[in-house]
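The values are calculated or read from the model by the stated rules, or taken from the named source; none is laboratory data. Note that the structure is a prediction, hence the values are computed from the model and not measured. Backbone-built Cβ (ideal geometry, glycine too); neighbour counts: all protein chains shown. Surface accessibility is based on the protein's heavy atoms, side chains included, excluding ligands, DNA and RNA. Shrake-Rupley method; radii C 1.70, N 1.55, O 1.52, S 1.80 Å.
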Amino acid sequence: MQIGDIGLDKGIGWISKTIEDFEHSQYSHATAYVGDGILIEADGFDPTGDAPITKYKNQLDIYTCESLTEVQREGIKDFLQGQVGTRYDFLLLIVEAIRYSMHIVLPYKEPFKSHICSTLVADAYKAVGVDLCQGIKYPSPADLSQSKLLKKIESL
C-alpha cells in the first residue's frame, strides 16, 4: 500500500448493512492510508482520527489512484492529518440517505472541518487537485468505488 490509498469497508454491523442497503453497494465506510499500517477515518461517534489497518481485517478492499505523484500523496497525508480531531457530520449523513432513497439532491454546505468518511477521503484528494467523483459534491463509499480514477488492488 502507498500513502493516499483508499480502504473501502464491507462492514458487518447493522449500521454498515443499512448504509450498504441504501447505497446498493457492498461498501459502507471509507478510510485513507497514511503509512506505517495506519488509516485516517471519520467514524460516527468518534472524532476524526487514526486506526490500525488491522481493525478492518477481512473487511477492506484497497483502491489506488495510479496517476498520483509522490507530492500529491504527501499532500493527501498532510490534509488528513490536519483533519484529526474534527467532528462527524451527521446532518450530511441524512442528506446522503435522502439522495440514495429518494434520488433528491438537497442543497447543503458542509461545515468547516466536518466530514463523513467518504467526504473526508474525497476532500483529501481534492486538496491535491484530484476530483475522484466529478459531478458528485458529497460522494459516498459507493461513489468512490465507482470512480474511474481508482483501481482496486487488493483485499485485506
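Only one of Asp78, Asp61, Asp50 is more than 18 Å from Leu150 (Cα to Cα) and touching a Leu at 6+ places or on another chain (Cβ under 7 Å). Can you tell me which? Show your work before the answer.
Details: Asp78 fails: touching a Leu at 6+ places or on another chain (Cβ under 7 Å); Asp61 fails: more than 18 Å from Leu150 (Cα to Cα).
Just one listed residue meets the conditions, Asp50.
For the stretch 110-125, give me each residue that is open to solvent by 30 Å² or more (accessible area, probe 1.4 Å) and closer than 14 Å to Ala30 by Cβ.
If the condition is that a residue be open to solvent by 30 Å² or more (accessible area, probe 1.4 Å) and closer than 14 Å to Ala30 by Cβ, then Asp123 is the only one that fits.
Would you mention how many residues in the stretch 78-109 are open to solvent by 50 Å² or more (accessible area, probe 1.4 Å), touching a strand residue (DSSP E or B) at 6+ places or on another chain (Cβ under 8 Å) and not in a loop (DSSP other than H, G, I, E, B)?
2
Please go through the stretch 88-124 and pick out each residue that is within 18 Å of Gln134 (Cβ to Cβ), at pLDDT 90 or above and acidic (Asp, Glu).
Asp123
Residues being among the aromatic types (Phe, Trp, Tyr) and more than 10 Å from Tyr138 (Cα to Cα): count how many of those fall in the stretch 93-112.
So in the stretch 93-112, the residues among the aromatic types (Phe, Trp, Tyr) come out as 100, 108, 112.
Filter again for more than 10 Å from Tyr138 (Cα to Cα), leaving 100, 112.
Matching residues across the stretch 93-112 total 2.
With respect to the numbered conditions (1) buried (at least 20 other Cβ atoms within 10 Å of the Cβ); (2) in contact with an Asp or Glu (Cβ under 8 Å, 6 or more places away or on another chain), which one is the sole condition not fulfilled by Asp61?
(1)
Mind listing whichever residues of the stretch 112-150 are assigned to a loop (DSSP other than H, G, I, E, B), of a type in the set (S, T, N, Q) and under 15 Å from Tyr63 (Cα atoms)? Give the steps one after another, and end with the answer.
As a first pass, look at the stretch 112-150 and keep what is assigned to a loop (DSSP other than H, G, I, E, B): 112-113, 116, 127-140, 146-150.
Still in the running and of a type in the set (S, T, N, Q): 134, 140, 146-147.
Matches in the stretch 112-150: Ser140, Gln146, Ser147.
For the stretch 132-146, check the following and say yes or no: at least one residue is under 24 Å from Pro52 (Cα atoms) and surrounded by fewer than 16 Cβ atoms within 10 Å (Cβ to Cβ).
Within the stretch 132-146, not a single residue is under 24 Å from Pro52 (Cα atoms) and surrounded by fewer than 16 Cβ atoms within 10 Å (Cβ to Cβ).
With respect to Thr69, is the statement that it is under 21 Å from Ile12 (Cβ atoms) and either in contact (Cβ under 8 Å) with a residue 60 or more places away in the chain or of a type in the set (Val, Ile, Thr) (or both) true?
Values: under 21 Å from Ile12 (Cβ atoms): no; either in contact (Cβ under 8 Å) with a residue 60 or more places away in the chain or of a type in the set (Val, Ile, Thr) (or both): yes.
Criteria not met by Thr69.
If you go through the stretch 40-53, how many residues are modelled with pLDDT of 95 or more and either in a helix (DSSP H, G or I) or surrounded by fewer than 18 Cβ atoms within 10 Å (Cβ to Cβ) (or both)?
Matching residues across the stretch 40-53 total 5.
Pairs under 7 Å by beta carbon, first residue more than 22 Å from Ser147 (Cβ to Cβ) in the stretch 101-128, partner open to solvent by 10 Å² or more (accessible area, probe 1.4 Å) and not aromatic (Phe, Trp, Tyr), six or more apart or different chains?
Ile104/Ile98; Leu106/Val95; Leu106/Ile98; Lys113/Gln83; Lys113/Thr86; Ser114/Thr86; Ser114/Arg87
Condition first: at pLDDT 95 or above and surrounded by fewer than 19 Cβ atoms within 10 Å (Cβ to Cβ). Can you find one or more residues in the stretch 13-35 that meet it?
Looking through the stretch 13-35, at least one residue is at pLDDT 95 or above and surrounded by fewer than 19 Cβ atoms within 10 Å (Cβ to Cβ).
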